[in-house]
Amino acid sequence: MSRALTRRADLADLAGYHSLQVDAEVKLNANESPLPPPAEWQERLADAVAGLDVRRYPDREATELRQRLAALHGVDPSWVFCANGSNEVLQSLLLAFGGPGRSILVFEPTYTLHAHIARLTLTEVVRAGRGPDFRVDVGEAARVIDRHQPAITAMCSPNNPTGRAEQPETVARVAERAPGLVVVDEAYGQFAPWSALELLPGKAGSATGTPAIPGTRAPLGSGLVVVRTFSKTWAMAGLRLGYLVADPEVVAGCEAVALPYHLSAVTQVAGLLALEYHREMMVRVAGIAEERGRLEAALAGLPVDWWPSDANFILFRPRERTAQAVWRGLLTRGVLIRDCSRWPGVQGCLRMTIGSRQENDRFVDALKGCL
Ligand code: PMP
């Protein structure tokens, strides 16, 4: 008897969300850190892992990690939820707060996984455009929010793949207007000049708890959710750790849908140790921001359109050659970047991750050769 291996009808044509994994000497396609975590962290992690009693399930609440993250951001631990990368955080949010009869508002072009997870969770996707500088237009956002009353409004700041952070006023105004959660995906938050953490009521990313811009703090119960990851600044993409900071009601919703013991003991201990190297990581962020300036200056002298970035990547569009031809030309020269030329709203564009100084030089030389 032949078995019917049929998928869910609504997902029959679904391709998994994957970026191309090809080998290249210079990998600038996935917005990863150009440097590994500090050597001392690696040694301490090896020791800590050797000392784990892996017969036992890990702490289901990731208590210590949540406490340390809460201390980092000046919030109570009940405001923190951790998961396997920020992708799992986003999935938890959609499982708990999306679903049939509910919608998520996304501003395209943006990180396509928001809409992808929405589809998996039967959450309707409402799409709005962006202003000419790729920032969210508050008027357009208000119009779409009023019309669709989304359960979740997702903003990516800095936005992937376009690179700009939203203005504090934009996030605060959207948080005031939106009826449900306002999720600010800050996967690249450390590279930006400000964080939506500063808008959270009753606390802040700053020591004083005073909003950087008076009047911008979101009102209590505004449903503002800030999502962060250890994959970029912390150079831990391979370990899969992300978290959110939000009202305890949001945290409780995510906990309700999380699989038991979803966050392994190794991941928890890696995160805990990483937090001890916060200063070192911020030094690296400053180095990447400096390289970003150097790359922007280099792009300015080439026949490409490019967009200023607040993240660890830059979006650009070749003027005289097709994106695919340039992407292939770079790969032939050993440099892999991201081809987003078919993504909605960024037709003809490519995205390069800021690497080490040497990698960036290789990229610029290779790009000159391709243009
Ligand atoms: N959000 C954005 C905007 C991203 O670009 C990425 C990584 N591509 C993620 C979330 C997911 O990161 P991770 O699951 O590794 O934390």
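Give segment 180-199 a look and list any residue that's in a loop (DSSP other than H, G, I, E, B) and away from the ligand (no atom under 16 Å from the Cβ), or say none. Listed by number, the residues that qualify are 180, 193, 194.
Restricting attention to segment 127-143, the residues that are over 17 Å from residue 346 (Cβ atoms) and either within 14 Å of the ligand (Cβ to nearest atom) or open to solvent by less than 10 Å² (accessible area, probe 1.4 Å) (or both) add up to 1. Can you confirm whether segment 292-304 contains a residue that is surrounded by 14 or more Cβ atoms within 10 Å (Cβ to Cβ), of a type outside the set (Asp, Glu), under 20 Å from residue 229 (Cβ atoms) and at pLDDT 95 or above? Among the residues of segment 292-304, at least one is surrounded by 14 or more Cβ atoms within 10 Å (Cβ to Cβ), of a type outside the set (Asp, Glu), under 20 Å from residue 229 (Cβ atoms) and at pLDDT 95 or above, which makes the answer yes.
When restricted to residues that are open to solvent by 80 Å² or more (accessible area, probe 1.4 Å) and either aromatic (Phe, Trp, Tyr) or touching a Cys at 6+ places or on another chain (Cβ under 9 Å) (or both), segment 12-60 contains 1. Only one of the listed residues (317, 240) is among the charged types (D, E, K, R), touching a residue at least 12 places away in the same chain (Cβ under 8 Å) and on the phi > 0 side of the Ramachandran plot. That residue is 240. Residue 78 meets the conditions (1) in a loop (DSSP other than H, G, I, E, B); (2) touching a helix residue (DSSP H, G or I) at 6+ places or on another chain (Cβ under 7 Å); (3) hydroxyl-bearing (Ser, Thr, Tyr) in every case but one. The failed one is (1). Residues that are crowded, with 21+ Cβ neighbours inside 10 Å and modelled with pLDDT under 95: does segment 175-192 have at least one? There is at least one residue in segment 175-192 that is crowded, with 21+ Cβ neighbours inside 10 Å and modelled with pLDDT under 95. Scanning segment 153-179 for residues that are away from the ligand (no atom under 16 Å from the Cβ) and not polar (S, T, N, Q) yields 168, 169, 172, 173, 174, 175, 176, 177, 178, 179.
The values are calculated or read from the model by the stated rules, or taken from the named source; none is laboratory data. These numbers come from a predicted model, not from an experiment. Note: ideal-geometry Cβ built from the backbone for every residue, glycine included; neighbour counts use all protein chains shown. Side chains included, ligands, DNA and RNA excluded: accessible areas come from the protein's heavy atoms. Shrake-Rupley method; radii C 1.70, N 1.55, O 1.52, S 1.80 Å.
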